[in-house]
1. Assuming Arg88 fulfils every condition listed in (1) without any contact (Cβ under 8 Å) to a residue 60 or more places away in the chain; (2) within 21 Å of Ala105 (Cβ to Cβ); (3) within 21 Å of the chain's Cα centre (by Cα) apart from one, which condition is it?
2. Inspect segment 194-202 for any residue being touching a residue at least 12 places away in the same chain (Cβ under 8 Å), assigned to a helix (DSSP H, G or I) and either in contact with a Ser or Thr (Cβ under 9 Å, 6 or more places away or on another chain) or open to solvent by 10 Å² or more (accessible area, probe 1.4 Å) (or both) and give the result as yes or no.
3. Within segment 94-109, how many residues turn out to be surrounded by fewer than 16 Cβ atoms within 10 Å (Cβ to Cβ) and either under 23 Å from Asp121 (Cβ atoms) or modelled with pLDDT under 95 (or both)?
4. Within segment 325-349, take every residue that is in contact (Cβ under 8 Å) with a residue 60 or more places away in the chain and charged (D, E, K, R) and give me the one that is nearest to Met253 (Cα to Cα).
5. Pairs only if they're at least six apart or on different chains, beta carbon under 7 angstrom, first in segment 158-180 and within 11 Å of the ligand (Cβ to nearest atom), second among the hydroxyl-bearing types (Ser, Thr, Tyr); list them, first residue then second.
6. Go through segment 204-229 and report how many residues are outside any loop (DSSP other than H, G, I, E, B) and either out of contact with any strand residue (DSSP E or B) (no Cβ under 8 Å at 6 or more places or on another chain) or closer than 23 Å to Asp307 by Cβ (or both).
7. So how many residues does segment 300-309 have that are more than 15 Å from Tyr273 (Cα to Cα) and open to solvent by 90 Å² or more (accessible area, probe 1.4 Å)?
8. Of all residues being within 18 Å of Thr316 (Cα to Cα) and more than 14 Å from the ligand (Cβ to nearest atom) in segment 269-283, which is most open to solvent (accessible area, probe 1.4 Å)? Just the residue, please.
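The values are calculated or read from the model by the stated rules, or taken from the named source; none is laboratory data. All figures in this text were calculated on a predicted structure; none of them were measured in a lab. Because the Cβ atoms are built from the backbone with ideal geometry, glycine has one as well, and the counts that use them run over all protein chains shown. Only protein heavy atoms, including side chains, enter the accessible area calculation; ligands, DNA and RNA are left aside. Shrake-Rupley method; radii C 1.70, N 1.55, O 1.52, S 1.80 Å.
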Amino acid sequence: MGTVLLHRPGRELARLTPRNNDSLLFDGIPWVGRAQEEHDTFAAALRARGVEVLYVSQLLAETLAVPEARAELTAGVVDDTRLGDTLRRRVADHLTYLDPVALAAVLIGGLAHDELRTSADRPGGLVYTLMPSNEFVIDPLPNLLFTRDSSVWVRDRAAVTSLAMPARRRETTLTDAIYRYHPRFVGTRMLYDPALEPVEGGDVLLLAEGVIAIGVGERTTPAGAERLARRVFGAQLAHTILVVPIAQERATMHLDTIVTMVDADAVIMYPKYAHSLQAYTVIAGADGEPQVDGPAPFLRAAADAMDIGTLRVIDTGLDPVTAEREQWDDGNNTLAIAPRLCVAYERNVETNAQLERAGIEVIRIPGSELGSGRGGPRCMSCPMLREPTSAG
Ligand SMILES: NC(=[NH2+])NCCC[C@H](N)C(=O)O
């Protein structure tokens, strides 16, 4: 793995309260300082293995130095019907005075009611006056931590996804701007965009060269999977796409919460679903139309598409109760950085032991605070395949 995009959590996590954590998709109130330490350990583990780590905040600040990007992203947040004209003008004016680093911090961390100064000659109007002081003029993005979901790279193409949950939608305006305006990524060919049907990166697994699995459930819709299949086939990036229906539940919000690759022919997988999961095999028909076949058992369909005899399955946990606990705590959400080498949360003791028994090396990281957002090492990373733009 060459380069990975991470987001070190910051002020946006400090916005979480028992009142808003559900709608902001967190199951608890993380201790921010400890979450940052855990995240730093994660980044250090990747660097120690030769992975280049890029941070969203830094790329975003550099992107905001480009005037068009700044104008577009600022317009994106003020163009919110909740604000009304007076408050919109006031917010736009407030943002004008921020340098790129401070503006990036607001776009990610949000702007609370009390952080906006108003006065007789800088009025907030009716909307600001009636807004409870614990509300946000600009919503924070605590789930930006899970960089996997807002973009996916397939070879040298970046797919900026279309996020299903209102609390996350604005994440993609940031990733999209980074890819289109940051000097390192200018010229990147784009595969998907946020105006299209819902697709989230946690549902997209690259099983092998030319073979992609797409989970459809709480987040990615069948229409999203079909659209991505069209785009992928159109760009000749894969020959087979496996569309995998998953339960529409919080515990299985993305396909990567129940199965991830740990070797060229092995997955770690939640046993409760391992043998019941089905897949529809989609290939490009002669007329370019996606052609659908199946369903067939996922493991069979995957092995066939990958052209291997069997896809080996390593089970989560030991017994059903441990497996259920460790699946919930992202035991399956490992990040493979090389064949038979993955990063996993240390707390999933039994699942990690299973991986090691199967010959997979496990780099353990702490994640008790990070995990309160329901995401593990895979969700917290977006591998970027593109080399720095060279002339031409
Ligand atoms: N690829 C993943 N499994 N991402 C996990 C995302 C967790 C996030 N709190 C959400 O609910 O959207």
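1. Going through (1) without any contact (Cβ under 8 Å) to a residue 60 or more places away in the chain; (2) within 21 Å of Ala105 (Cβ to Cβ); (3) within 21 Å of the chain's Cα centre (by Cα) one by one, Arg88 breaks only (3).
2. Checked against the condition, which is being touching a residue at least 12 places away in the same chain (Cβ under 8 Å), assigned to a helix (DSSP H, G or I) and either in contact with a Ser or Thr (Cβ under 9 Å, 6 or more places away or on another chain) or open to solvent by 10 Å² or more (accessible area, probe 1.4 Å) (or both), segment 194-202 yields at least one hit.
3. Within segment 94-109, residues that are surrounded by fewer than 16 Cβ atoms within 10 Å (Cβ to Cβ) and either under 23 Å from Asp121 (Cβ atoms) or modelled with pLDDT under 95 (or both) number 3.
4. Asp330
5. From residues that are within 11 Å of the ligand (Cβ to nearest atom), the pairs are Thr161/Ser150; Thr161/Ser151; Thr161/Thr172; Thr161/Tyr192; Leu163/Ser150; Leu163/Thr172; Ala167/Ser23; Glu171/Ser150.
6. So the answer is 14.
7. Of the residues in that region, 2 qualify.
8. His275
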